[in-house]
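Each reported figure results from applying straightforward, stated rules to the coordinates on display, with no laboratory input. This one's a predicted model, so the numbers in the text were calculated from it and none came from an experiment. Here Cβ is always computed from backbone atoms with ideal geometry, including for glycine, and neighbour counts include all displayed protein chains.
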Amino acid sequence: MLIDPAVVVKARAGDAAAFNQIVQACRKPILGTIRRLIGNADDVEDVAQEVFVRVYYSLDQLRSEDGFEAWLYRLTVNSAYDYLRRKKRRQESRMSDLAEEQVTMAEAAAGTKFSVDEGRKAKARELVDSLLSEVSEQDRMLLILKEVEGLSLKELERIYEVKENALKVRLFRARQRVLKAFEKRDPDKGK
Amino acid sequence: MNEFPSELQQLFKGYGEFHEDVEPSKDFMPRLWAKIEARRSPWFAMQRMARLMVVTAMAAALLMGAVLIPMMESQKPAGFYADVVAHDTLKADQEYAASVSLPDLEAPHR
């Protein structure tokens, strides 16, 4: 996802074609990131569109064109987090609206056995989902960005706008919780 | 712990591949522009302003509460019921005394 800074400058000046170019170049990776952050395929596109609407209306707040990608990640993380908060509120008021995937996650967290027919990928995904359900939404997103998306601490520092040490502490605690949950599922593992 | 054990590392690295690729729908761009235009409308601006006003009013109410309640509390005499009654009686007496004008003692008596 490499965006020419000149295109960002044009988009910031109100050039619709340049903005379209940014969206075309970034939407696929952004859709993938959102998919992993929110864990629900149905709403991925809506959240991605919210990200790009925010990009459109806050491009003038971008301090430097070189920092566009970190800034885009920041907007993505914020939009995904807002979505998860809204969803949580809805769930609290209407438990019957739980999506099938969330039920699976909840079952996984409760230690329910999966059916043997499920594929290896689905099983592994559900295992990661259940492990991630042990940490807060913020830590879950941080872990996904670090461990799944493979972002460096420097990149995370630019996205979250916090010091590297604070991120290290947060990551340490989140990893510990996940590891504890992993060991609980199978005491022989993680040693 | 700066890293996960290798088994967990692999599991997390593979997590990205465990999800199928999400392809943007054909109407992604038209829908996006429709949303952008919708936020430009006066109705949306009014909604945002109304939300802002509600938040401002709530913040002002909280601030007033935080400032005024301690002020009112500090004006009340602390202590037992008898102290409170005595304080109020004294205050009432002072107000009564202030409202009564005494005759000028220097003036010659008739």
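Within the range A:24-43, is there a residue that is over 16 Å from residue B:24 (Cα atoms), facing chain B (nearest Cβ under 9 Å) and part of a helix (DSSP H, G or I)?
no
For the range A:42-58, what are the residues that are aliphatic (A, V, I, L, M) and farther than 15 Å from residue A:25 by Cβ? So that I can check it myself, show each step before the final result.
Step one: of the range A:42-58, the residues aliphatic (A, V, I, L, M) are A:44, A:47-48, A:51, A:53, A:55.
Correct list: A:44, A:47, A:53.
Residues being without any contact (Cβ under 8 Å) to a residue 40 or more places away in the chain and either outside any helix (DSSP H, G or I) or not aliphatic (A, V, I, L, M) (or both): count how many of those fall in the range A:141-166.
Residues of the range A:141-166 that are without any contact (Cβ under 8 Å) to a residue 40 or more places away in the chain, as a first pass: A:142-143, A:146-147, A:150, A:152-154, A:156-157, A:162-166.
If we keep only those that are either outside any helix (DSSP H, G or I) or not aliphatic (A, V, I, L, M) (or both) too, we end up with A:146-147, A:150, A:152, A:154, A:157, A:162-165.
Total satisfying the criteria: 10.
Identify, by number, the condition in (1) within 17 Å of the chain's Cα centre (by Cα); (2) part of a helix (DSSP H, G or I); (3) crowded, with 17+ Cβ neighbours inside 10 Å that residue A:181 doesn't meet.
If we test residue A:181 against (1) within 17 Å of the chain's Cα centre (by Cα); (2) part of a helix (DSSP H, G or I); (3) crowded, with 17+ Cβ neighbours inside 10 Å, just (1) comes out false.
Looking at the range B:1-41, which of its residues are more than 7 Å from chain A (Cβ to nearest Cβ), surrounded by 10 or more Cβ atoms within 10 Å (Cβ to Cβ) and not in a helix (DSSP H, G or I)?
Correct list: B:3, B:20, B:23, B:27, B:41.
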